[in-house]
Structures are given as structure tokens and as C-alpha cells.
Amino acid sequence: MKKTPDKSKTAQQKSSNTTSQQAHVDWFRSSAPYIHAHRGRTFVILFGGEAVEHEGFAHLIHDIALLNSLGVKLVLVHGARPQIERQLSTLGIQSDFVAGSRITTAKALPGVEQAVGQTRMRIEAQLSMGLHNTPMAGAALKVICGNFVTAQPYGVHNGVDYCQTGNVRNVNAAAIEEQLQQNALVLISPIGYSPTGEIFNLRAEDVATEVAMALKADKLIFIMESNGVLDSDGKLLQQLNLPQAQQWQQSHHGDDETQLHLNNAAQACRGGVKRAHLISRNIDGALLLELYTRDGVGTLVTADNYEDLRHASIDDIGGIMELIEPLEQQGVLVKRSRELLELDINKFTVIERDGMIIACAALFTYPEEAVAELACLAVHPDYQQQGRGDDLLQHIEWQSRKQHIEKLFTLTTQTMHWFIERGFAETDFDTLPVDRQQMYNFQRKSKILSKAL
Ligand SMILES: CC(C)(COP(=O)(O)OP(=O)(O)OC[C@H]1O[C@@H](n2cnc3c(N)ncnc32)[C@H](O)[C@@H]1OP(=O)(O)O)[C@@H](O)C(=O)NCCC(=O)NCCS
């Protein structure tokens, strides 16, 4: 017998269908501003080898394909730690870690190559899927891998030779960009080649960071095992600027993975990447939630473009010491004690960015002779090559002219050409003010350069 439909049930169903349709429409509309904002932008996404093995990996691939079809230019960097571990143990090769880095011996390298190669192929295969009735239907992703990363040996540290473990030496950003322009998705493995033709095992997080900085990417996204950066009560910190990130790192609450990723995120932001995100791979759809909803699900690290060139004060001594100490150790700058810095602090100009001293220079005047010395010029390595050295020099010249100084001189052991290209010329010891002659350190054999103002 034919059943007569229960009218009230059908009406109920209809109304719940309409509610869910409306929710869908509302959700889609609320994503629109993010879809517009992200179209044409470059995102570098890092995920570890653990993610590749996880049952949820197919979902991550679907989400990546969706980002691609929404016009985001994507560079994927993958890790392969568990795969390498397994391959080496199958081959009966023991591999040691020192200070968090694997020592890749010549014997272990083929195992590393096999594991990384297989992992990459597995990812490529997933990205190539296109079955009907799956989110990959019609995606037709073009995936490009290549020799985009040049490596160099990590070398010997504290007597330990890291062998075929390497560092990123250079990233061919132009070649990656060319592929992105062609709508290809670039997939990069944690392996690099040196100009001598050697193969090096790299840390995937470093590869992602260097690639993002070389591309000046809009976002660097770490998909990690933990849930993002948590405060001491275990609550997610949704946003951190660079000083806050530094503070968090100093207070050391958190697992090693978060520390390392946060370190890389901060480095990327200092190096010109606008935003870095730390999100969990254990949340299904974390990538979409982070990028297409207002609050996201992870931690956002931002580099607020706040910079200030100003007179130094006594509070800046710690920051200046942090900046110049490595250069003093390398013999590039003369050693200055804290006491001496305290005495001379009013001679210093600094550039402060997000609460951190990233550059400094000092001006010592000899009014009787109408000359002045430019000393202790330094720019933090993460911020070099962007004109800050020039800015400081111009500021020091302006300060000097204001004080009727006619000639600026400087003493340098390794930076002659930088000054010569900016109008300085080598000059004799006798041209130094007498007081300064008495302080000249003959062992350093510094060159003396001067410039008429
Ligand atoms: C020298 C220094 C202050 C320049 O700062 P910066 O902000 O990178 O400089 P700018 O962006 O204004 O200039 C960058 C240019 O200087 C060049 N440069 C940097 N260091 C140089 C050196 N030692 N010799 C010659 N040129 C150098 C760069 O190659 C770049 O040139 P390019 O544009 O042709 O590629 C910075 O490299 C530094 O702190 N060095 C270590 C400390 C030091 O040597 N101080 C001087 C001691 S007296």
C-alpha cells in the first residue's frame, strides 16, 4: 500500500533544509572578503612527513587544491623525518642528532634520498588525483619540482662534522615565480644541491622560511603537530607581533616544536614576509578556517612595519650590545664594554623596529678640528641590504653638518668599499685628530677613510 506522506514532517524537513541552505549561503558570503584578499597572493605552506602519513592528509590536499582554484599562488615545502627514520632503520643505519640537527653521513645519504624522493612522489600522486565525486574532480593541478634551492654544508660545529647536512645558501626566486605565474603549484623537498654537485639534507622548516623570504611571500604557513602558540594557561594566542613572539620564546613555556616554528616565523617576518601562521594539522580544514574565517584557528605572527630612527637612550644599551657583540667577536667592530657604552650612549643613533634595536651608529666629534668620527655602524644581518646603512650614514652626516663639522672619518677593517662607494677616500694616520691618534690600535691595522662634508 502506498504511504501517504506525513505533511507536517515534510514541512519540517523543508524548513530545516532552508535553514541549512541559508547557513551555507551566509558562510560563503562571509568568506568573500578573504577570497578577494587572497587571490593572486603567494603563500608558502610547510607540512611535515607526519602529516603525509596521517589519514587526514587527503583532506589537506583537497584544501590545497581549493586554494589553488581560488587563485592563491602556492609553494609547498614538505618534511620527511619519519620516512627517513624508517628507511635508515630498514637499511640498518644509525643516524645521530646533535643539537636538534641530524648528522647525515655519506652512508646515510642514499637512505635520505630514497625516503625524501618517495615522500615527494606520494604527495605528487595525491595532488594529481581527479576522481569524479571527490573534491579533486576537475582540479587538474600542475605540480612542478626542481632545483630551486642551492645548499651548502652546515659544516663542523663544536668538533662535530654534520657531513651531508646542509644549510640553504640561495633560493632561485625568479624560477619559482616563473612557475607560479603559469599557475603551477611548486613542490619543494628538504634537499638541496651545491654548485659542486653534492646533495645535502636540509631542515624543511628552514627551506620554507628561506623560500618565503626570497619570494617576499604574503604568508608563510606552518602546519604543525601542536595547536599553535599557547599561553601559560594553555589558551591559544591568536596573534603575536615580533616583540611578543620574542617575549614568549624567552619565557620558554611550550614544546620544542612550537619554539622552533615560532623562531622561523619571526625570522621570516623580519626578512620581509608579511604574515606567518602556525596551525595544527589535527584540526580538519585548519587551513581553510585560518585563511577564510575572521578569527582563524591558529597563531598569526605579524611584522608591524614600525621603525624609528632616533637618538639612543640608556635603555637601549642591552639592544645595542646584542646587535654588536657578534660583530665584535668576528673582529669587525672594536670591543666596547657596557661601561663604555653607558658613557657614550648620547653619541649613538639607533633604528628601533617593534621594540628591537636593529641598527646603530655613533658620532664622536672633535669640534676644535671641525672633524668627527663615524663609529660602530652596524645593521642586524636580517635587515641588511635594504638601505638602513645608508639612512644611518645620511643621518650622521646631517648631525655633523648641524655641528659645523667639515670632515667625517671612519676606521674600518672589512667595510672599506661600502664607505668608498659613499664618497669616502682612504687617508693618512696623520690626518686624524691628535687625541684620536693616541687611541689608534695598531694591532687592528684599520684603514682610515674620510669624507668632506
Ligand atoms: C656595512 C653595513 C652597515 C651596511 O648596512 P646595510 O643596511 O646592509 O647597507 P645598505 O642597504 O645601505 O647597502 C647595501 C649595499 O652595501 C654592500 N655592502 C655590505 N657590506 C659591504 C662590505 N663589507 N663591503 C662592501 N660593500 C658592502 C651590499 O653588497 C649592498 O650593495 P648592493 O646594493 O650593491 O648589493 C652592514 O653590512 C653591517 O652592519 N655590516 C657589519 C658591520 C660593519 O662592517 N660595520 C662597519 C664597520 S666600520
Give me the pairs: first residue in the stretch 224-236 and over 17 Å from Val301 (Cβ atoms), second residue part of a loop (DSSP other than H, G, I, E, B) and of a type outside the set (Asp, Glu), beta-carbon distance under 6 Å, and six or more apart or on different chains, which are they? Ser232/His253
Residue selected from the stretch 391-423 under the condition aromatic (Phe, Trp, Tyr) and part of a helix (DSSP H, G or I), by the criterion nearest to the ligand (Cβ to nearest atom): Trp418
Of the residues Ala174, Ala99, which is surrounded by fewer than 18 Cβ atoms within 10 Å (Cβ to Cβ), at positive phi, out of contact with any helix residue (DSSP H, G or I) (no Cβ under 6 Å at 6 or more places or on another chain) and not basic (Lys, Arg)? Ala99
For the stretch 368-378, check the following and say yes or no: at least one residue is modelled with pLDDT of 95 or more, within 11 Å of Ala312 (Cβ to Cβ), of a type outside the set (Lys, Arg) and near the ligand (Cβ under 8 Å from one of its atoms). yes
Does Val350 satisfy being of a type outside the set (Ser, Thr, Tyr), assigned by TED's automatic domain parsing to the domain that holds Glu328, away from the ligand (no atom under 11 Å from the Cβ) and touching a residue at least 24 places away in the same chain (Cβ under 8 Å)? yes
Looking at the stretch 361-378, I want the residues that are not assigned by TED's automatic domain parsing to the domain that holds Arg436 and have a partner that is outside any strand (DSSP E or B) and crowded, with 18+ Cβ neighbours inside 10 Å with Cβ atoms under 7 Å, at least 6 apart or on another chain. Which pairs are those? none
Within the stretch 69-109, restricting attention to residues that are farther than 24 Å from Thr209 by Cβ and part of a helix (DSSP H, G or I), which residue is modelled with the lowest pLDDT? Ser69
Taking Gly387 as the residue in question, decide whether it is exposed (fewer than 13 other Cβ atoms within 10 Å of the Cβ) and within 8 Å of the ligand (Cβ to nearest atom). yes
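The values are calculated or read from the model by the stated rules, or taken from the named source; none is laboratory data. What you see is a predicted model, and the numbers here were worked out from it, not measured in a lab. Heads up, the Cβs are rebuilt from the backbone with ideal geometry, glycines too, and the neighbour counts pull from every protein chain shown.
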